[in-house]
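The values are calculated or read from the model by the stated rules, or taken from the named source; none is laboratory data. Keep in mind it's a predicted model, so treat the numbers as computed, not measured. Positions of Cβ are backbone-derived with ideal geometry, glycine not excepted, and every protein chain shown enters the neighbour counts.
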Amino acid sequence: MRSSILSSPLRDEKRIRAKTFDWGIKSVEAYAVVETGGKQYRVQAGDVFQVERLEADVGKQIDLDRVLAVSDGNELNIGTPVIDGAKISATIVEHKRGPKVVAFKKKRRKGYSRKVGHRQELTVLRVESVS
């Protein structure tokens, strides 16, 4: 009885499927890694993301030319350190301020306490194209 369970047609079919398994690797959309404000961002066309404040008006189209890597979906090109001729076209959506960060220092029993707050100026970008 036990041998019939081990050699059932369903079990053999599963074993065959396991040997011919397709890993499901599909091509992804084009993306790029761009550096601005000392930070790196992975962006695709249509993405909306925040960067440190850029000096430009809202609605203006800008080009980010410090592109570190570009993928067209099949092939990845990595710069040394940047890719010549590659650029990201983006539109400025808005300027805003980030959340307040509070740095509080205290030394107990000494009457010493310092509270310093900071809000980072941010620019929201919408990626139009990766080229």
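If you go through segment 47-77 and keep only what is under 16 Å from the mean Cα position of the chain (by Cα) and of a type outside the set (D, E, K, R), you end up with VAL48, PHE49, GLN50, VAL51, LEU64, VAL67, LEU68, ALA69, VAL70, SER71, GLY73, LEU76. The single condition among (1) part of a strand (DSSP E or B); (2) surrounded by fewer than 15 Cβ atoms within 10 Å (Cβ to Cβ); (3) under 16 Å from the mean Cα position of the chain (by Cα) that LEU125 does not satisfy is (2).
Of all residues in segment 43-89, count the ones that are assigned to a strand (DSSP E or B) and β-branched (Val, Ile, Thr).
The initial filter retains those residues of segment 43-89 that are assigned to a strand (DSSP E or B), namely 43-44, 48-52, 61-64, 67-71, 76-78, 88-89.
Subsequent filtering for residues that are β-branched (Val, Ile, Thr) retains 43, 48, 51, 62, 67, 70, 78, 88.
Number satisfying all stated conditions: 8.
Note on segment 72-112: among residues that are of a type in the set (Gly, Ala, Ser) and modelled with pLDDT of 95 or more, the one that is surrounded by the fewest Cβ atoms within 10 Å (Cβ to Cβ) is GLY111. Listed by first and then second residue, the pairs linking a residue in segment 38-63 that is under 14 Å from GLN120 (Cβ atoms) to a residue that is not hydrophobic (A, V, I, L, M, F, W, C), with Cβ atoms under 6 Å apart and 6 or more places separating them unless they lie on different chains, are VAL51/THR36; VAL51/GLY37; VAL51/THR123; GLU52/GLY37; ARG53/GLU121; ARG53/THR123; LEU54/THR123. Could you tell me whether ALA45 is surrounded by 10 or more Cβ atoms within 10 Å (Cβ to Cβ) and modelled with pLDDT under 95? Here the answer is yes, as ALA45 does meet what is asked. Among the residues of segment 25-36, some residue qualifies, meaning at least one is at pLDDT below 95, of a type in the set (A, V, I, L, M) and exposed (fewer than 11 other Cβ atoms within 10 Å of the Cβ).
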